[in-house]
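Asker: Handing you a structure now.
The values are calculated or read from the model by the stated rules, or taken from the named source; none is laboratory data. As the structure is a prediction and not an experimental result, all values here were calculated from the model. Note that each Cβ is placed from the backbone with ideal geometry, even for glycine, and that neighbours are counted across all protein chains shown. The area values use the complete protein model at the heavy-atom level, side chains included, leaving out ligands, DNA and RNA. Shrake-Rupley method; radii C 1.70, N 1.55, O 1.52, S 1.80 Å.
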Amino acid sequence: MSDFAFNPFDEATRRDPFATYARGRELRVHRHPGLPVVSIFRHADVIEVLRDPTVFSSVFPPPPGFGPDDVPPPNMLGSDPPEHERLRGLVNQAFTPKIVRRLEPRMEEIAESLLDDALQRRRVDLVQALTYPLPVTVIAEIIGVPAEDGPRFKHWSDELVSNLGSGLLGPPTAEQIEHNRKVVSELGAYFETLVALRRQEPREDLLSGLVAAELEGSKLSFDELLQMLILLLVAGNETTTTLIGNTALTLLEHPDELARVRAEPERIPSAIEEVLRFCSPVQLDPRCAAADTELCGEKVAKGEIVISWLGAANRDPAVFREPDRFDGARKENRHLAFGFGTHYCLGANLARLEAQIALRVLLRRTRGFRLTSAEPLPLHRSFVFRSFTRIPVELEPA
């Protein structure tokens, strides 16, 4: 189709993909050589794909090498309506704006405690000090699992997403398959114990509600319950950790914007929305063609994979004025960082509020903060995320 060279695994591309994305938008569609995979980059094209689950499905065939025991039951991410609505409906009420807003005082308390510890040390890894422990503690409390197990959750979450997306552009290795089995087995054993406790002594938490649905039989099987818990655990901390980290880094790269938001905290929600657009935590959203179809003038066969590049769509000049400029006061911001359509992120309200609180507390408790290393920051292991696993900073107390 073209001489467009697009390797999502390339480190340089992952660190600065935006020139590549711009070329992708010019071409509109790119077929990856030798693979049944098509990439799209424009905002309108991404919406076209994500809005129609009857043509572009979230149900994918198992990768080569996966046996029957490796194929999990449906979860919210990997299902289409009406199955998706059944599963989403079981947890939707825990993430409504009203319920999330009730959590604000507790989120602020957690963030304040984390900053207490960080400011005592002054030089910290912001990931370990704030961007990871805040969301993992919050989602643990929502689900109803012990907060002290946070380090175990972080380990399991990191391991589960380490190869996320790699199967889209090639079959997984035997080592990756075995690795996935091991992590899921460990998580299954952990949650099985907690589920047994909630069956005996229900509490006011999401886990007890899911167990009640499982006990009714017609709503949720135990395997579906396990998949739901794993998904909530991973999605509830991985993307928000990335969002908070990207917010700190982006503001450091734009000191005028940092000064404005520090002087006017009411700008924080708008600044978070611009971070979501400007450096989207999740870069892509894949679908599987449910039938032979046509996309952007390219024939797509049933079973082929379509990758919607959210990070490219969010810099589309057809939608955003000066898309490569970070504008913390941007008015029109129809970004796709949380996806679109049926699979719009369930935890979007929670992620937004956690990021706002993290930034608010960080700015209130410090006079300034700066990176303490000139070395390139370590990238997340999965190309699905544009994030960094370590952010060394020095904090100057307020």
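Asker: Can you name the condition, by its number, that Ser270 falls short on among (1) out of contact with any helix residue (DSSP H, G or I) (no Cβ under 7 Å at 6 or more places or on another chain); (2) within 25 Å of Val319 (Cα to Cα); (3) crowded, with 19+ Cβ neighbours inside 10 Å?
Answerer: (3) is the only condition that Ser270 fails.
Asker: Look through the range 254-308, keep the residues that are small (Gly, Ala, Ser) and within 24 Å of the chain's Cα centre (by Cα), and return whichever of them is nearest to Arg365 (Cα to Cα).
Answerer: If we take residues in the range 254-308 being small (Gly, Ala, Ser) and within 24 Å of the chain's Cα centre (by Cα), then Ala271 is nearest to Arg365 (Cα to Cα).
Asker: Would you check which residues across the range 103-123 are open to solvent by 40 Å² or more (accessible area, probe 1.4 Å), under 25 Å from Thr372 (Cα atoms) and assigned to a helix (DSSP H, G or I) and list them?
Answerer: Once the filter is applied, which keeps residues that are open to solvent by 40 Å² or more (accessible area, probe 1.4 Å), under 25 Å from Thr372 (Cα atoms) and assigned to a helix (DSSP H, G or I), the range 103-123 yields Glu112, Ser113, Asp116, Asp117, Gln120, Arg121.
Matching residues to (1) within 19 Å of Gly209 (Cα to Cα); (2) in contact with a Gly (Cβ under 8 Å, 6 or more places away or on another chain); (3) at pLDDT 95 or above:
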residue: Asp52; (1), (2), (3): no, yes, yes
residue: Phe60; (1), (2), (3): no, yes, no
residue: Gly65; (1), (2), (3): no, no, no
residue: Pro73; (1), (2), (3): no, no, no
residue: Leu77; (1), (2), (3): no, no, no
residue: Asp80; (1), (2), (3): no, no, yes
residue: Leu87; (1), (2), (3): yes, no, no
residue: Gln93; (1), (2), (3): yes, no, no
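Asker: What number of residues within the range 32-50 satisfy the criterion of being at pLDDT below 95 and open to solvent by 60 Å² or more (accessible area, probe 1.4 Å)?
Answerer: Residues meeting the conditions: 3.
Asker: Considering only residues that are over 14 Å from Glu214 (Cα atoms) and of a type in the set (Val, Ile, Thr), look in the range 184-204 and name the one that is surrounded by the fewest Cβ atoms within 10 Å (Cβ to Cβ).
Answerer: Of everything passing the filter in the range 184-204, Thr193 is surrounded by the fewest Cβ atoms within 10 Å (Cβ to Cβ).
For (1) surrounded by 19 or more Cβ atoms within 10 Å (Cβ to Cβ); (2) without any contact (Cβ under 8 Å) to a residue 40 or more places away in the chain; (3) of a type in the set (D, E, K, R), each residue gets a yes or a no:
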| site | (1), (2), (3) |
| --- | --- |
| Gln227 | yes, no, no |
| Ala259 | no, yes, no |
| Pro265 | no, no, no |
| Glu274 | yes, no, yes |
| Val282 | yes, no, no |
| Arg287 | yes, no, yes |
| Val300 | yes, no, no |
| Gly303 | no, no, no |
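Asker: Among Arg14, Arg25, which is the only one that is part of a helix (DSSP H, G or I) and under 19 Å from Gly165 (Cα atoms)?
Answerer: Arg14
Asker: Turning to a different aspect of this structure: Return a yes/no flag: does the range 232-247 have any residue that is more than 17 Å from Cys345 (Cα to Cα) and more than 17 Å from the chain's Cα centre (by Cα).
Answerer: The answer is no; no qualifying residue exists.
Asker: Return only the number of the condition from (1) open to solvent by 60 Å² or more (accessible area, probe 1.4 Å); (2) in a loop (DSSP other than H, G, I, E, B) that Leu220 does not satisfy.
Answerer: The number of the failed condition is (1).
Asker: Now, a different point. Go through the range 207-217 and give me each residue that's at pLDDT 85 or above, of a type in the set (A, V, I, L, M) and open to solvent by 20 Å² or more (accessible area, probe 1.4 Å).
Answerer: Ala212
Asker: Would you be able to tell me the number of residues in the range 360-388 that are hydroxyl-bearing (Ser, Thr, Tyr) and at pLDDT below 95?
Answerer: 3
Asker: Can you find a residue in the range 358-379 that is touching a residue at least 40 places away in the same chain (Cβ under 8 Å), crowded, with 20+ Cβ neighbours inside 10 Å and in a loop (DSSP other than H, G, I, E, B)?
Answerer: Scanning the range 358-379, I find no residue that is touching a residue at least 40 places away in the same chain (Cβ under 8 Å), crowded, with 20+ Cβ neighbours inside 10 Å and in a loop (DSSP other than H, G, I, E, B), so the answer is no.
Asker: Just need a number here: residues in the range 336-357 that are in contact with a His (Cβ under 9 Å, 6 or more places away or on another chain), in a loop (DSSP other than H, G, I, E, B) and open to solvent by 10 Å² or more (accessible area, probe 1.4 Å).
Answerer: Looking only at that region, the number is 0.
Asker: Being open to solvent by 50 Å² or more (accessible area, probe 1.4 Å), under 18 Å from the mean Cα position of the chain (by Cα) and basic (Lys, Arg): is that true of Arg386 here?
Answerer: No.
Asker: Against the definition (exposed (fewer than 15 other Cβ atoms within 10 Å of the Cβ) and of a type in the set (Lys, Arg)), how does Arg321 come out, yes or no?
Answerer: When the stated conditions are applied, Arg321 passes them.
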